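Here is the structure we will look at.
The values are calculated or read from the model by the stated rules, or taken from the named source; none is laboratory data. Quantities reported herein were computed from a predicted structural model and do not represent experimental measurements. Quick reminder, even Gly has a Cβ in these numbers, built from the backbone with ideal geometry, and neighbours come from all protein chains shown.
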Amino acid sequence: MEKKAATYFSETTLDPQRSRELTDNCHWQSCFSRPQTFCFINQKGGVGKSSTCFHLAGAFADMRFRVLVMDVDPQGSISQGFFGSATVEELAASETVTSVFADTWTTGDAAQLRPTRFERIDVCPANLELADYNTPRPETLGLDQFALREFIDSQTGYDIVLIDCPPNLYRCSWSAMIAADWVVIPVTPEDFGTQGLRAVHQAIENARALNPNLRRLGHLVTRSDGRMLVHKAYERRLRTKYGNLVLDTLMPELSAFKLALAARTPVVLHDQRCRATDLTQELAREILERATVRQARRQVA
């Protein structure tokens, strides 16, 4: 069934054919001269950052994009999603993103990158050793603020980089914003889920002083339940307040996401026929389309 064309910008309404063109791999590469990096940030935990990154990696790979997943959360949730907790916990610092923050890696060093069993998905994993480097007041760290950016820029062969961030705005999240082109803010449609958004927005503005190319792609409503009036009310409030900076796609709490994660497989690669796959593919297309349209508008301007 053909999906409705998205209308993210009031002055830009795209028909389905144009949407497919914009999210085509070849068009993407012609629009962007370098891989595009998306970081997923919220200082609130439990909003679906890791889950969203995990399943989007599969969706983008299924669209034939080459994906690098950067885990900068000391909890290592997305790393464990791909490789299992035992494997991740046993990794040495030199085999994880910790070496980037410790400045012990060298250009051309690929020891931190681990291929997954899925074609076109690699992961730079994290474990608890990273916690020592996730310090507050990261803006005082001088050139160390650019370590993650330098590492990502040194990697070749990728179209898309996804950065999964910890539930705070310390060094790891700050470094992700310095390295990223786009910020996605997952948020649950409830009081505790929306608290702290002002601090996130301020952190993004502060990071732009060092990374002028950083842009908010939008807020992603996650773990929504359309049967709950409170969720509908909070979603309306988000859309009223932030307008087009709230993504059209909603990511509800579905058992298929959990079943796929238990199988250590992104849902798009686990079950092509479930609603969770349809929504993840829809979200992937919306993210690509938003980025491509905004890039095109910037080039015209």
task = With the condition kept exactly as written, say whether any residue in segment 33-49 is in a loop (DSSP other than H, G, I, E, B) and hydroxyl-bearing (Ser, Thr, Tyr).
result = yes
message = Which pairs turn up if I take residues in segment 83-108 that are within 19 Å of GLY142 (Cα to Cα) and look for partners that are at pLDDT 95 or above and among the basic types (Lys, Arg) with beta carbon separation below 8 Å, at least 6 apart in sequence or on another chain?
response = PHE101/ARG171
inquiry  = Kindly evaluate ILE204 against the criterion of being on the phi < 0 side of the Ramachandran plot, β-branched (Val, Ile, Thr), touching a residue at least 12 places away in the same chain (Cβ under 8 Å) and part of a helix (DSSP H, G or I).
reply    = yes
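Only one of these is out of contact with any Pro (no Cβ under 8 Å at 6 or more places or on another chain) and at positive phi: ARG264, ARG297. Name it.
Residue meeting the stated conditions: ARG264.
State all residues of segment 100-133 that are over 20 Å from CYS53 (Cα atoms) and part of a loop (DSSP other than H, G, I, E, B); if no residue qualifies, say none. First the steps, then the outcome.
First, pick out the residues of segment 100-133 that are over 20 Å from CYS53 (Cα atoms): 100-111, 129, 131-133.
Residues satisfying the conditions are ALA102, ASP103, THR104, TRP105, THR106, THR107, GLY108, ASP109, ALA110, ALA111.
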message = What pairs come out if I take residues in segment 264-291 that are acidic (Asp, Glu) and pair them with residues that are at pLDDT below 95 and in a helix (DSSP H, G or I) whose C-beta lies under 6 Å away, six or more apart or interchain?
response = GLU289/SER19; GLU289/LEU22
Residue that is within 23 Å of ILE160 (Cβ to Cβ) and surrounded by 15 or more Cβ atoms within 10 Å (Cβ to Cβ), where the choices are ARG264, ARG298 = ARG264
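Yes or no, residue by residue, for (1) among the basic types (Lys, Arg); (2) within 27 Å of PHE151 (Cβ to Cβ); (3) buried (at least 19 other Cβ atoms within 10 Å of the Cβ); (4) modelled with pLDDT of 95 or more:
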| site | (1), (2), (3), (4) |
| --- | --- |
| LYS4 | yes, no, no, no |
| GLU11 | no, no, no, no |
| TRP28 | no, yes, yes, no |
| ARG34 | yes, yes, no, no |
| THR37 | no, yes, yes, yes |
| SER50 | no, yes, yes, yes |
| LEU68 | no, yes, yes, yes |
| SER79 | no, yes, yes, yes |
| GLU90 | no, yes, no, yes |
So LEU169, is it crowded, with 22+ Cβ neighbours inside 10 Å, of a type outside the set (Phe, Trp, Tyr) and modelled with pLDDT of 95 or more = yes
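Yes/no per residue for (1) under 18 Å from the mean Cα position of the chain (by Cα); (2) within 28 Å of ALA111 (Cβ to Cβ):
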| residue | (1), (2) |
| --- | --- |
| PRO136 | no, no |
| GLY142 | no, yes |
| ALA147 | no, yes |
| GLU150 | no, yes |
| PRO166 | yes, yes |
| ARG171 | yes, yes |
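For a quick check of your reading: which helices (runs of 4 or more DSSP H) sit entirely within segment 252-301 and have at least 2 residues that are touching a Cys at 6+ places or on another chain (Cβ under 7 Å) and at pLDDT below 95?
Once the helices (runs of 4 or more DSSP H) in segment 252-301 are filtered for at least 2 residues that are touching a Cys at 6+ places or on another chain (Cβ under 7 Å) and at pLDDT below 95, what remains is 275-300.
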key: Pairs with Cβ under 6 Å, 6+ apart, first in segment 248-260 and in contact (Cβ under 8 Å) with a residue 40 or more places away in the chain, second aliphatic (A, V, I, L, M) and part of a loop (DSSP other than H, G, I, E, B)   = ASP248/ALA6
message = Whether any residue in segment 198-214 is of a type outside the set (A, V, I, L, M), in contact with a helix residue (DSSP H, G or I) (Cβ under 9 Å, 6 or more places away or on another chain) and more than 19 Å from LYS44 (Cβ to Cβ) is what I want to check.
response = yes
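Restricting to segment 102-131, what's the tally of residues that are over 21 Å from TYR158 (Cα atoms) and buried (at least 18 other Cβ atoms within 10 Å of the Cβ)?
The total comes to 3.
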